[in-house]
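Contents: one structure, followed by commentary.
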Amino acid sequence: MRPLERPAFKSEASKQIYQYVERHGTAARHKTRSALALSSKDFTEELEWLTTKGYLEDDGGTLRIGLNAGSVEEHLSGDLAYTIRPARQEDFEGLVDTIRDVTADDTYVVAESIAERLLYEDAVMRHNTVESRVFFVATTDGKVIGWTHLDLPQVEKLQRTAQLTVGVREDYRTNGVGSQLLERALDWAEANGYQKVYNSVPTTNDEALAFLDSNGWDTEGVRKDHYTIDGESVDEVMMAFTFG
């Protein structure tokens, strides 16, 4: 399955299997069959079709959606060795904790809302007929130290524009981790046919605005008094990166 191809199923049973796995992030093969009350023969046939199409992956009995977000990249900056790779469901707690760590110090309302959505949905990656969601994480010694995320609407009129968030734990900044994460997300978006990526940041978050500006993003507009932060009205700066 191409990364952003909208799922199209050959039967109601294949649709049910896919939706169950997609909603849960990952799902054990035997639990999926039991939950859907399918016969062993029907389940095996439908799952084989889904894996052959690339809609699902079966990793030793653990099912996950086949949303290919690329390979693992190794980086070295001074004494810091870190990896950037597609996020997995197993990264869930570390990912949420990292987003909350970043947003606790810096006002980043969009990222805060992403953390809340993760907790509500209990799934890292999403890919259905309404939306797709891709995360990349930076890790060192197995710890998530940064993330970048793309929200990819499946509504036809919005399919060429994606929302991006990015953040790095304070102790790991100044090592170029944020720039590498941003580059990884932009490369993926461009390779998948996106024309523009946008990010919205309160005017009070000078560090984020300066970071995006230094990486070639443009200010497209300002929404006056869009946020209420500590009882004060704060403007929102809408920034974008356009490919080509």
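A short reminder: the numbers here are calculations on the coordinates, not readings from a lab. A quick note: this is a predicted structure, and the numbers were derived from the prediction, not measured. Cβ: placed from backbone, ideal geometry, glycine included. Neighbour counts: every protein chain shown.
In terms of modelled amide H atoms, which long-range or inter-chain residues lie less than 5 Å from the amide H of Leu56?
Thr51, Gly66
Evaluate the distance, in nm, between pseudo-label points positioned 7 Å from the Cα of Glu48 and of Ala191 along their respective Cα→Cβ axes.
Roughly 3.1 nm, to one decimal.
Among Val110, Ser233, Val197, flag the residue with its Cα farthest along the positive direction of the charge dipole of the chain, charges on Cβ as +1 for Lys/Arg and -1 for Asp/Glu.
Going by the Cα projections, it comes out as Val197.
Mind checking the angle between helix 109-121 and the chain's longest principal axis? C-alpha axes, 0 to 90 degrees, to the nearest 10.
20
Can you list which of the trypsin sites (Lys or Arg not before Pro) found in the range 166-244 are DSSP loop residues with at most 16 other C-beta atoms within 10 Å?
Details: sites: Arg169, Arg173, Arg184, Lys196, Arg223, Lys224; in loops: Arg169, Arg173.
The qualifying sites are Arg173.
Return the label of the correct value of Cα Rg over 2.2 N^0.38 Å, as calculated from the structure shown, out of [x] 2.43; [y] 0.96; [z] 1.08.
Checked against the structure: label [z].
What do you get for chymotrypsin sites (Phe, Trp or Tyr not before Pro) in the range 89-153 restricted to DSSP loop and a cutoff of at most 11 other Cβ within 10 Å of the site's Cβ?
Here no chymotrypsin sites (Phe, Trp or Tyr not before Pro) fit, given the DSSP loop and packing criteria.
Does anyone have the angle between helix 12-24 and the longest principal axis of the chain? Alpha-carbon axes, 0 to 90°, nearest 10?
40
So, R0 is 35 Å and r is the distance between the beta-carbons of Lys31 and Glu112; what FRET efficiency does that work out to, to 0.05? Mind showing how you got there, number by number?
Numbers: r = 32 Å, r/R0 = 0.92.
Result of the calculation: an efficiency of 0.60.
Give the residue list of chymotrypsin sites (Phe, Trp or Tyr not before Pro) in the range 162-244 that are DSSP loop and have at most 15 other beta-carbon atoms within 10 angstrom. Don't skip to the end; give the middle numbers.
Working: sites: Tyr172, Trp188, Tyr194, Tyr198, Phe211, Trp217, Tyr227, Phe241, Phe243; in loops: Tyr194, Trp217, Phe243.
Qualifying residues, ordered by number: Phe243.
At 7 Å along the Cα-to-beta-carbon direction for both Val72 and Ser11, put a label point, then send me their distance in nm to one decimal.
Modelled inter-label distance: 3.7 nm.
Working from Cα positions, state the angle (0 to 90°, nearest 10) between the long axis of helix 177-191 and the longest principal axis of the chain.
50
Rounded, prolate or oblate: which fits the range 1-88, taking a ≥ b ≥ c as square roots of the Cα gyration tensor eigenvalues, rounded meaning a/c under 1.5, else prolate when a/b beats b/c? Mind dumping the intermediate values first?
Numbers: a/c = 3.30, a/b = 2.22, b/c = 1.48.
The shape class here is prolate.
Want the number for Arg160 to Thr174: 0.36 nm per residue separation, take away the alpha-carbon distance, what's left? Don't skip to the answer; put the middle values down first.
Details: separation 14, 0.36 × 14 = 5.04 nm, distance 3.18 nm.
Working it through step by step, the gained length comes to 1.9 nm.
Find out how many positive minus negative residues lie around Asp151, taking Lys and Arg as positive, Asp and Glu as negative, among other residues whose Cβ is under 12 Å from that of Asp151.
Local net charge: +2.
Given 0.36 nm per residue, what is the gain on full extension from Glu220 to Thr242 after removing their alpha carbon distance, in nm?
So the extension gain works out to 6.8 nm.
Helix-derived [θ] at 222 nm for the chain: sum -39500 (n - 2.57) over DSSP H runs of at least 4, divide by residue count, nearest 500? Write out the running numbers ahead of the final one.
Values: 7 runs with 86 residues, N = 244.
Using -39500 (n - 2.57) per qualifying helix, the result is -11000 deg cm²/dmol.
Rounded, prolate or oblate: which fits the range 166-237, taking a ≥ b ≥ c as square roots of the Cα gyration tensor eigenvalues, rounded meaning a/c under 1.5, else prolate when a/b beats b/c?
Working: a/c = 2.57, a/b = 1.38, b/c = 1.87.
Note, shape of the range 166-237 comes out oblate.
Could I have the simple spin-label model distance between Tyr20 and Arg100, label points 7 Å from Cα toward Cβ, reported in nm to one decimal?
Rounded to a tenth, the inter-label distance reads 3.1 nm.
When the dipole is taken about the Cα centre of the range 12-65, and only Lys, Arg (+1) and Asp, Glu (-1) are charged at their Cβ, what size is it in debye, to the nearest 20? Could the numbers behind the result be given before it?
Details: 8 positive and 9 negative charges, 38 e Å.
Charge dipole of the range 12-65: 180 debye, to the nearest 20.
Give the residue from Leu47, Ala81, Gly60 lying farthest towards the positive end of the charge dipole for the range 44-87; charges sit on Cβ (+1 for Lys and Arg, -1 for Asp and Glu) and the dipole is referred to the Cα centre.
Sorting the options by dipole projection puts first Ala81.
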